[in-house]
Amino acid sequence: MYSLILHGRSLAQLQKRRSFSVSVTLFRNASTSFSSSTSVADASPRDTRKGKNFTVSYLVGSLGLPTKLAESISRRVSFADRSNPDSVLSLFRSHGFTDSQISDIITDHPRLLLLDAEKTLAPKLHSLQSRGGAELTEIVSKVPKILDKREGSSINFYYDVVRDIVEADKTPKQSCSRRGNKMRNVLVLRDLGMPQKLFLPLLISLAEPICGKQRFEESLKKVVELGFEPTTSKFVTALRMLYQMSDKTVQDKVNLYKTLGFAGEDVWEMFKKYPFSLAYSEKKIMNTFETFLGLGVARDEFAGMIMSSPQCIGFSAEALKRKTEFLVEKMKWPLKALVGRPQVYNYSMEKMIVPRGNVIGALMSRGLLRDGVSEPPPLPSVFACTDKAFLNRYVLKVDDKELVAELMAIFNADSAS
């Protein structure tokens with residue numbers, strides 16, 4: 001079975017080789033109802049921003065991470081004091097981890113910076129070091145989530161398993177001394193070309209798509225046939241999705257999508273684009289369908305929207321309504337524009353849609369867009385660009401310096417809300 005999968009994969013690779021003043025103030029005030037806070041009730045937005053700003057500064061200064069990467073990490077963890085993170089970094093260095101390895105560890109698993117270095121992390125590192133020593137830094141830097149395992153037999157077992165795989169992987173096609181489905185299956189993924197950074201975490205994952213034999217073979221065969229690339233995380237996600245669902249469940253969801261206007265091949269194309277599209281319950285899929293119909297989307301438009309941006313299936317009805325109401329009712333974009341560009345629903349209401357929308361609204365209120373045209377510009381020109389490109393396109397080119405300052409204040413205030 002495995003040889004057939006590998007052979008099929010080789011053929012697929014060969015075939016593949018043959019993506020302002022009063023009007024401005026009124027406009028801003030009118031938009032406040034469309035922007036809601038996502039912070040914890042006891043934490044003010046200012047405190048949250050302060051913590052994130054400190055986190056970004058710390059990650060850049062202490063680990064040398066690029067600012068954009070640090071900003072991304074700050075959305076996962078945030079702290080306003082350096083004492084605990086410093087203790088964690090010092091602990092890693094005391095065990096021989098290089099700065100490069102520590103950066104990799106924190107990038108992959110930043111929550112470690114929030115743990116108690118001496119009480120939580122130190123005992124685990126001491127225990128693992130006693131089992132091999134030389135391999136400790138290599139293994140933990142490759143699979144930092146192993147430190148989430150409980151101290152004792154649990155973490156020791158997984159450490160030994162990962163170590164065996166790492167050693168086996170140093171010689172192509174080398175077998176592993178340990179036997180069992182997980183080990184065999186991981187080596188199959190390795191031989192398909194999957195890198196360590198993708199298959200090693202599967203060994204310690206709670207949602208393991210590498211257990212068993214028959215189910216793994218069937219799921220892997222389907223993923224390979226669909227053309228997923230083993231070097232990408234999307235391959236792992238697709239394998240996990242198919243492994244967790246029975247054939248009947250998968251077929252039921254495919255049939256449901258068909259009743260909503262999809263062709264059978266469209267469903268699998270959507271799955272290739274966004275594997276989570278088959279993970280949603282039938283109830284959730286129907287709720288999203290009904291929500292869009294309620295917003296004015298035609299039945300024959302729904303499939304096209306979801307094919308273009310399948311992430312929309314996962315959004316709550318409230319989020320879809322808020323974004324549609326702001327963009328259509330307040331900003332006056334025609335609903336057809338959203339139907340043709342559903343990716344706009346993927347953007348953050350608070351961080352992108354409202355601040356950029358309010359800037360556009362302020363310019364429209366003064367007749368400063370497209371020779372006084374009162375219609376908003378095309379959605380892609382407003383949202384399918386970086387903040388820098390947006391500001392250069394709509395704000396910084398304005399001749400009036402006072403108005404530029406006012407527009408920047410609108411943009412920054414709404415971005416931080």
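The values are calculated or read from the model by the stated rules, or taken from the named source; none is laboratory data. Because the structure is a prediction, the values reported are computed rather than measured. Positions of Cβ are backbone-derived with ideal geometry, glycine not excepted, and every protein chain shown enters the neighbour counts. We work out accessible area using only protein heavy atoms, side chains counted, and drop any ligands, DNA or RNA first. Shrake-Rupley method; radii C 1.70, N 1.55, O 1.52, S 1.80 Å.
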Filter the range 359-403 for residues that are within 27 Å of the chain's Cα centre (by Cα) and small (Gly, Ala, Ser); the one that is nearest to SER348 (Cα to Cα) is ALA384
Subset of the range 219-238, residues in a helix (DSSP H, G or I) and either among the acidic types (Asp, Glu) or under 20 Å from ASP108 (Cβ atoms) (or both), comes to GLU225, SER233, LYS234, PHE235, VAL236, THR237
Go through the range 379-417 residue by residue and tally those that are modelled with pLDDT of 85 or more and surrounded by fewer than 13 Cβ atoms within 10 Å (Cβ to Cβ). 12
For a quick check of your reading: which helices (runs of 4 or more DSSP H) sit entirely within the range 104-218 and have at least 3 residues that are modelled with pLDDT under 85 and either over 27 Å from ARG93 (Cβ atoms) or charged (D, E, K, R) (or both)? 153-169, 181-191
If you go through GLU318, GLU290, GLU329, the only one that is open to solvent by 40 Å² or more (accessible area, probe 1.4 Å) and closer than 19 Å to PHE383 by Cβ is GLU329
Across the range 56-88, what is the total count of residues that are exposed (fewer than 15 other Cβ atoms within 10 Å of the Cβ), within 20 Å of the chain's Cα centre (by Cα) and either more than 27 Å from ILE410 (Cβ to Cβ) or modelled with pLDDT of 90 or more (or both)? 4
In the range 334-378, what residues are modelled with pLDDT under 95, assigned to a helix (DSSP H, G or I) and open to solvent by 50 Å² or more (accessible area, probe 1.4 Å)? LYS351, SER365
Consider ASN53 carefully, then state whether it is exposed (fewer than 13 other Cβ atoms within 10 Å of the Cβ), modelled with pLDDT under 95 and not in a loop (DSSP other than H, G, I, E, B). no
Which one is nearest to THR291 (Cα to Cα) among residues in the range 252-272 that are outside any helix (DSSP H, G or I) and open to solvent by less than 20 Å² (accessible area, probe 1.4 Å)? LEU260
Being open to solvent by 20 Å² or more (accessible area, probe 1.4 Å), within 22 Å of the chain's Cα centre (by Cα) and either among the basic types (Lys, Arg) or under 17 Å from LEU136 (Cα atoms) (or both) is the filter here; which residues of the range 109-121 pass it? ARG111
Anything in the range 74-109 that is of a type outside the set (Gly, Ala, Ser) and over 25 Å from SER130 (Cβ atoms)? List them, or say none. ARG75, ARG76, VAL77, PHE79, ASP81, ARG82, ASN84, PRO85, ASP86, THR107
Taking first residues from the range 146-158 that are closer than 15 Å to LEU121 by Cβ and second residues anywhere that are among the hydroxyl-bearing types (Ser, Thr, Tyr) and modelled with pLDDT under 85, the pairs with Cβ under 6 Å that are 6 or more apart or on different chains are ILE146/TYR158; LYS149/TYR158
If you check THR32 against the conditions, is it hydroxyl-bearing (Ser, Thr, Tyr), modelled with pLDDT under 50, exposed (fewer than 13 other Cβ atoms within 10 Å of the Cβ) and in contact with a helix residue (DSSP H, G or I) (Cβ under 8 Å, 6 or more places away or on another chain)? no
Extreme residue, nearest to PRO201 (Cα to Cα), among residues of the range 229-251 that are open to solvent by 50 Å² or more (accessible area, probe 1.4 Å) and in contact with a helix residue (DSSP H, G or I) (Cβ under 7 Å, 6 or more places away or on another chain): SER233
